[in-house]
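Reviewing the structure listed below.
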Amino acid sequence: MQQKKKLLIIDREPVSETLISYFEKFEFEIIHKIDISAIDYHDDLPTALLIDWSIAQKNKGRLLKLLTDFSDIPVIIVHHEENENTCIQALEEGADDFFSKSRTPRELHARINAIIKRMEKINPSREKEVLAFANWRLYPGPRQLYRDGVEYKLSPSEYNLLLAFVRHPQQILKRDYLRQKISQQRDKVLSDRLMDTHISRLRQKIESDPKHPRLIKTVRNTGYLFNARVSTGKGQSI
């Protein structure tokens, strides 16, 4: 099953009709948000993300989290001006590209495709890898989780936790290690309570009986253990 293409645009200004018309021809759904905090991490996982420079500068903490959560998705900073200093700063802060709003949608599309191809060359198996456990199938490339042909939505934190678990089955993963997987913001420490909340939400989605978990086991005073046999393979489709 191919993931639907989405172009997520974070900008206080309206999206131009020219850009919308162009990308709709290529079967993109345009999602427009006026602020980073308005993103729905369950439904808005995009093919590519555009964020206005002024919003990025006013929300540097949230931008860092966004770059972490969408690490395998093209993130492009957009700006009205062709400004070399702004471009360099955006790239140094982790953006994949910088794009002037005065340029054409066709060029933007080409840049998005170029970034995606570059990512696939770095990890050529990203779209085909399958991690199977119990009755679940996790596809790291498109970040999708399926059971019996039905997709189950995961937030970025839930996905990062699950990926860490299935990469290290039958191993005790310390809480500090899992904290790093959830957040790369070193100036903010994830509390034990919030950590437990993320684990609980993941259990609600993958455990048959979340109150008596069989997959994600708590190891007292240490961390968690993923109690499942995980098989890896290549899958052309879901």
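Just so it is clear, none of the values below were taken in a lab; they were calculated from the coordinates. In this text, all values refer to a predicted model and were calculated from it rather than measured experimentally. Backbone-built Cβ (ideal geometry, glycine too); neighbour counts: all protein chains shown.
Would you mind ranking R229, R143, R175 by Cβ crowding within 10 Å, fewest neighbours first?
Details: R229 9, R143 20, R175 17.
In order of increasing Cβ crowding within 10 Å: R229, R175, R143.
Placing pseudo-labels 7 Å out from each Cα toward the beta carbon at N135 and H80 gives an inter-label distance of 5.6 nm.
Give the longest segment of the chain that steers clear of GluC sites (Glu not before Pro) in DSSP loops with at most 13 neighbouring Cβ atoms within 10 Å, not counting the sites themselves.
On the way: sites that count: E27, E81, E82.
Maximal segment without exposed cleavage sites: 83-238.
For the chain, rounded, prolate or oblate, judged on the Cα gyration tensor with a ≥ b ≥ c (square roots of eigenvalues), a/c < 1.5 rounded, else prolate if a/b > b/c? Mind showing how you got there, number by number?
Working: a/c = 2.25, a/b = 1.63, b/c = 1.38.
In terms of gyration-tensor shape, prolate.
Could you work out the longest stretch of the chain that avoids the chymotrypsin sites (Phe, Trp or Tyr not before Pro) located in DSSP loops with at most 16 other Cβ atoms within 10 Å?
Details: sites that count: F26, Y41.
Answer - 42-238.
Summarising the label geometry, the points placed 7 Å from Cα in the beta-carbon direction at K25 and Y177 lie 5.0 nm from one another. Length gained on full extension, T218 to T232, computed as 0.36 nm times the residue gap minus the Cα-Cα distance: 2.6 nm.
Two numbers describe the Cα atoms of segment 5-122: Rg and Dmax, which are 13.2, 35 Å.
Residue pairs exceeding 21 angstrom between C-alpha atoms, taken from K121/K174; K121/K205; K5/K25; K33/K65: K121/K174; K121/K205.
The trypsin sites (Lys or Arg not before Pro) found in segment 57-117 that occupy coil by DSSP, while having at most 15 further C-beta atoms within 10 Å, are R103.
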